[in-house]
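To start, I am sharing the structure in question, which I have written as C-alpha cells.
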Amino acid sequence: MRGQPQDFDRVLSSMCTEPHPVAREAAGEFLATNPGDPATYQTVSDLEDEVVAMLGEVAGVDDPAGYVASGGTEANIQAVRMARNRCVTHTPNVVVPESAHFSFKKAADVLGVELRVTPLRDDRRANVGAVERFCDEDTVLVVGVAGSTEYGRVDPIPELAAVASEYGALMHVDAAWGGFVLPFSGHEWSFADASLDTMTIDPHKMGQAAIPAGGLLARDPALFDALAVDTPYLESTSQATLTGTRSGAGVASAHAAMTELWPDGYREEYERQQANADWLADALADAGLDVVEPELPLVAASIDDVAFESLRDAGWRLSRTGNDELRVVCMPHVTREMLESFVADVETVTATVAADGG
Ligand SMILES: *Cc1c(COP(=O)(O)O)cnc(C)c1O
C-alpha cells in the first residue's frame with residue numbers, strides 16, 4: 001500500500017506549510033532535473049537564475065549572486081564557509097546571538113570554526129554591545145537573525161552590520177523563515193537597510209514553495225569564489241553549492257510560487273497571519289497563559305507540562321521553546337477556525353489540570 005502524507009489541519013509548530021498549488025505542480029514537472037549540472041539541465045538552471053533575481057527583489061538587493069539550496073541549514077553552513085575560506089587567520093570565529101538557529105552549530109562543527117554565542121537583550125533580540133564584546137581580530141562573520149525560530153524576533157541588523165564592518169568581518173542575516181513576511185512588516189532587515197554580505201532566505205518556509213527550496217544570496221558574486229571547486233566530469237567547470245545533484249523541483253516550485261505571489265499574495269498572507277497571531281496571543285492570555293507578544297506571525301506562551309501533553313494527545317502538532325513555552329507558527333495553512341478550535345482545547349485542558357489539583 002502506498003503511504004499517505006499527514007494533513008495539516010492540526011499542524012501548529014511547523015515552519016513549513018503546504019506548497020501553493022502552482023508550486024506543487026511545478027515541483028512535479030521538474031522532478032527529473034538537476035540544477036547541480038547546469039550545462040546539461042539548462043532550463044532549470046535558467047529558472048534558478050530568475051529565482052535568485054526575485055529573491056534579491058524580496059531582500060532589497062539588485063542582481064545578487066546566489067542559488068537555491070536544500071534549506072536554511074545549507075545556506076547558513078555555506079555563509080560560514082565563505083567567511084572561513086576568505087580569512088587569513090588560523091583561528092577564525094563566528095559571532096552569533098543566542099537566538100541563532102542550531103544550524104550554526106553544525107556549521108561550526110563541520111568547518112572547524114569557533115562559535116561565539118552571545119547573550120540576548122531582555123526583549124529576546126541580539127545585544128549589540130555583547131556582540132561587540134565577543135568580536136576580535138579573528139572574527140570572520142557576524143550573524144543577525146531576522147525572524148528567530150523560537151520567538152520570531154528581528155535583531156537590530158544595521159547596528160550588527162556596523163559592528164561586523166568595524167572588525168572587518170562579513171555580515172550574514174538569517175531570514176530563513178522571516179524573509180517572506182519582513183518586506184511587509186516595517187522592520188529593518190534587508191540589504192536595502194544595511195550593508196550586508198550574505199542572507200539566508202527560504203522559499204520552502206513562508207515562500208510556499210515545495211521542499212527542498214532554501215536560498216542563499218550574496219551582494220558580491222566574488223564571495224562565491226571562496227566556495228568554488230573544480231568539477232572535472234560535469235559539462236560545467238566549477239561548483240559552489242554544498243550538495244552535488246540537487247532537486248530541480250525546489251527551484252521550479254520556488255519560481256512558480258514567487259511568480260504567483262510576489263508581492264501582493266505574500267502581503268495578503270502576512271496580514272492574515274499577523275492578525276491570526278495577534279488574535280491567538282489575546283485568546284491565550286484570556287485563557288490565563290503567560291504570552292510572549294508576537295512581533296511576526298509566531299506566538300509563544302507558557303503552559304503547564306500536563307496540559308501541553310494533553311494537547312499533543314489531542315492531535316495538535318506542537319513543539320516547545322527552550323524555555324518550555326508552546327509555540328504556534330502562523331503558517332499559510334493555519335486558519336482562524338483551527339486556532340479557535342485549538343484555544344477551546346487549551347481552555348479545556350488547563351481547566352482539567354486546575355481541577356486535578358493545580
Ligand atoms: C528553519 C530555519 C533554519 C533552517 O532551515 P532548514 O530549511 O530547516 O534547513 C535556519 N534559520 C532559521 C531562522 C530558521 O527558521
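Could you give the semi-axes, largest first, of the ellipsoid that matches the chain, computed as the square roots of 5 times the alpha carbon gyration tensor eigenvalues and rounded to whole Å?
Output for the chain: semi-axes of 35, 26, 17 Å.
Using a simple charge model, +1 on the beta-carbon of Lys and Arg, -1 on the beta-carbon of Asp and Glu, nothing else, what dipole does the chain show about its Cα centre, in debye to the nearest 20?
800
Going by amide H atoms built from the backbone, whose H comes under 5 Å of the H on S319, apart from near neighbours?
It is S13, R327, by chain and number.
Now for a separate question. How much of the accessible area of the chain, probe 1.4 Å, is carbon plus sulfur, in whole percent?
Carbon and sulfur together cover 48 percent of it.
Here's another thing I want to ask about it. In whole Å, how far is the Cα centre of the range 280-300 from that of the range 30-47?
If we compute the Cα centre of each part, the gap is 44 Å.
Please report, in debye to the nearest 20, how large the charge dipole of the range 264-352 is about its Cα centre when each Lys and Arg carries +1 at its beta carbon and each Asp and Glu carries -1 there.
For the range 264-352, the charge dipole is close to 280 debye.
With unit charges on the beta carbon (Lys/Arg positive, Asp/Glu negative), name the residue among C330, V353, L311 whose Cα is farthest towards the positive pole of the charge dipole of the range 300-358.
C330
Separate question: Using Cα pairs closer than 8 Å and at least 6 residues apart in sequence, work out the relative contact order for the chain, in percent.
Value for the chain: 24 percent.
Now for a separate question. Which of the three applies to the range 255-297, rounded, prolate or oblate, going by the alpha-carbon gyration tensor with a ≥ b ≥ c and a/c under 1.5 meaning rounded?
prolate
What's the percent breakdown of Cα-Cα distances in the range 76-235 across 5 Å bins, shortest bin first?
Result returned by the calculation: 2, 10, 19, 23, 22, 14, 7, 3, 1, 0, 0.
If you scale each eigenvalue of the Cα gyration tensor by 5 and take the root, what three semi-axes come out for the range 72-169, rounded to whole angstrom and sorted largest first?
Here the semi-axes work out to 20, 16, 10 Å.
Hey, another quick one. In vacuum, with every alpha carbon of the range 140-293 counted as one equal point scatterer, what does the Debye formula give for log10 I(q)/I(0) at q = 0.10, 0.13, 0.14 Å⁻¹? Two decimals, please.
Computed log10 I(q)/I(0) values: -0.46, -0.74, -0.83.
Quick test of the membrane-span-like rule: which DSSP H helices of the chain reach at least 24 Å along their long axis (C-alpha atoms) with mean Kyte hydropathy at least -0.5?
Helices meeting the criterion: 42-59, 336-355.
Also, quick follow-up: Using only C-alpha positions, report the orientation-averaged shadow area of the convex hull of the range 264-352, nm², one decimal.
Taking the Cα atoms of the range 264-352, their convex hull projects to 5.4 nm² on average.
While we're on this one: Note down the nm distance, to one decimal, between modelled labels 7 Å out along Cα→Cβ at T259 and at R320.
In this crude spin-label approximation the distance works out to 4.6 nm.
Compute the convex hull volume of the Cα atoms of the range 211-254, divide it by the residue count, and report the result per residue in Å³ as a whole number.
Given the Cα convex hull of the range 211-254, per-residue volume reads 91 Å³.
When only the heavy atoms of the protein chains count and the probe is 1.4 Å, how do K105, K205 rank by accessible area, highest first?
Order by accessible area, largest first: K105, K205.
Further question: What does DSSP give for the chain in terms of the percent of beta bridges that are antiparallel, rounded to the nearest 5?
Percent antiparallel among DSSP bridges in the chain is about 55.
The values are calculated or read from the model by the stated rules, or taken from the named source; none is laboratory data. The model shown is predicted, which means the values in this text are computed figures rather than measured ones. Heads up, the Cβs are rebuilt from the backbone with ideal geometry, glycines too, and the neighbour counts pull from every protein chain shown. To get the accessible areas, we keep the full protein, side chains included, count just its heavy atoms, and leave off ligands, DNA and RNA. Shrake-Rupley method; radii C 1.70, N 1.55, O 1.52, S 1.80 Å.
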